[in-house]
Amino acid sequence: MSRALGITAVPGIRVGHATDEEGITGCTVILCEGGAVVGVDQRGGAPGTRETDLLRPLHLVEHVHAVLLAGGSAYGLDAASGVMRWLEERGVGFDVGVGVVPIVPAAILFDLDLGDPAARPDAAMGYAACQAASTDPVAEGCVGAGTGAQVGRLLGPAFACKAGLGSAAMGCAWLRSLSSTRWATWWRRTGRSWPGRGSRRTESSLPAR
């Protein structure tokens, strides 16, 4: 398996991005039309998600057909509707007898204060990401959901650093990962400083456990 492929090294997985470079936002879709068992580790004080409750064990639906990551804060969850439409047009989804319901868990990040706050991933952008999906090596960095991703925001937006999107796949058990990073350590190398206190790492500002 080629590490360069990232998550698309896993058979049956395709990834597509839709990017708004002017608005500085976007979305990324991971298509698994044959169905895949997915888990979620939800963290943070203000999560924005859709359909992630379905990923808990013992629920009726055991497989998902796509996963969406998007910018745009809670507005960006609308992009999942476009992914559902794309899958439904191809007959992909959970069979409910009178049709199919595509299962598309989604999660967003906050990027409204980086670019145009009125530019948000929508259903059309989610559909476009599906159209662009392929098994090619995953484009990483400031693309798709990573377009407006930032890290180090604990001390406020003025002290944030640009982040992006990354992908990996490893091991014979096919451990797969694709994520857009928002929160991380405050890096001294940015040259920015905390007013009156000099450079400081985010972790040193957190309360002791």
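Computed values, structure above
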{"item": "Some residue of region 65-76 being crowded, with 20+ Cβ neighbours inside 10 Å, over 27 Å from Leu112 (Cβ atoms) and touching an Asp or Glu at 6+ places or on another chain (Cβ under 9 Å)", "result": "yes"}
{"item": "Breaking point among (1) in a helix (DSSP H, G or I); (2) over 14 Å from the mean Cα position of the chain (by Cα); (3) among the small types (Gly, Ala, Ser), for Gly126", "result": "(2)"}
{"item": "So Leu114, is it over 27 Å from Pro137 (Cα atoms), in contact with a strand residue (DSSP E or B) (Cβ under 7 Å, 6 or more places away or on another chain) and touching a residue at least 40 places away in the same chain (Cβ under 8 Å)", "result": "yes"}
{"item": "Selected residue (only one of Asp136, Asp111 is surrounded by fewer than 24 Cβ atoms within 10 Å (Cβ to Cβ) and either in a strand (DSSP E or B) or not aliphatic (A, V, I, L, M) (or both))", "result": "Asp136"}
{"item": "Filtered residues of region 73-103 (kept if touching a Phe, Trp or Tyr at 6+ places or on another chain (Cβ under 8 Å), in a helix (DSSP H, G or I) and under 17 Å from Ala128 (Cα atoms))", "result": "Gly82, Val83, Arg85, Trp86"}
{"item": "Qualifying residues in region 26-57 (those that are part of a strand (DSSP E or B) and within 14 Å of the chain's Cα centre (by Cα)) - the one farthest from Trp86 (Cα to Cα)", "result": "Thr49"}
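Coordinate-derived values only; no laboratory data. What you are looking at is a predicted structure, and each value in this text was computed from that prediction instead of being measured. Positions of Cβ are generated from backbone atoms using ideal geometry, with glycine treated the same way; all protein chains shown enter the neighbour counts.
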